[in-house]
Amino acid sequence: MQEISLFDAKTHLSSIISAVEQNHTEFVITKRGKQVAKIVPIEISKKPDIEQVFQDMDNLKIELRKAGLTLKEILQFKNEGRK
């Protein structure tokens with residue numbers, strides 16, 4: 001992460017954006033020496049890893065069993081949330 005003054009950020013905005021886009025560099029903008037803003041890359045959503053999704057579902061089932069919830073109770077909670 002690099003600190004850059006507001007003046008320099010305005011002067012070099014195009015090159016800062018290029019560095020963020022190409023190198024995933026993060027910049028903190030300072031005003032009179034105080035940090036006031038941050039420029040960071042946007043993470044592009046990727047398709048979820050299907051194996052990880054199934055693993056997460058299995059882990060959720062285990063946690064729900066530990067909590068002693070039945071399928072009927074879970075469905076009741078789901079339906080109550082839709083009201």
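None of the figures in this text is laboratory data; all of them are computed from the coordinates on show. Source: prediction; values computed, not measured. FYI the Cβ positions are ideal-geometry reconstructions off the backbone, even for glycines, and counts take in every protein chain you see.
The table for this structure:
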| quantity | calculated |
| --- | --- |
| P(r) tail fraction, the chain - alpha-carbon pairs more than 23 Å apart, % | 56 percent |
| Distant-in-sequence amide H partners of Ser5 (H built 1.01 Å from N, under 5 Å) | Thr30 |
| Net charge of Cβ neighbours under 13 Å - reference Asp56; Lys, Arg +1; Asp, Glu -1 | -3 |
| Cα-based reach from Lys34 at 20 Å (exclusive), listing lysines while leaving out same-chain residues under 8 positions away | Lys10 |
| Which of Ile16, Pro48, Leu75, positive extreme of dipole for the chain (C-beta unit charges) | Leu75 |
| Packing-based exposure ordering (other Cβ within 10 Å, fewest first) of Ile17, Ile4 | Ile17, Ile4 |
| Within the chain: Cβ-based charge dipole about Cα centre, in debye rounded to nearest 20 (Lys, Arg +1; Asp, Glu -1) | 460 debye |
| In nm, spacing of pseudo-spin labels at Glu51 and Lys72 (7 Å Cα→C-beta vector) | 3.9 nm |
| Contour excess over end-to-end distance, with Cα ends at Val20 and Glu43 and 0.36 nm allotted per residue | 7.2 nm |
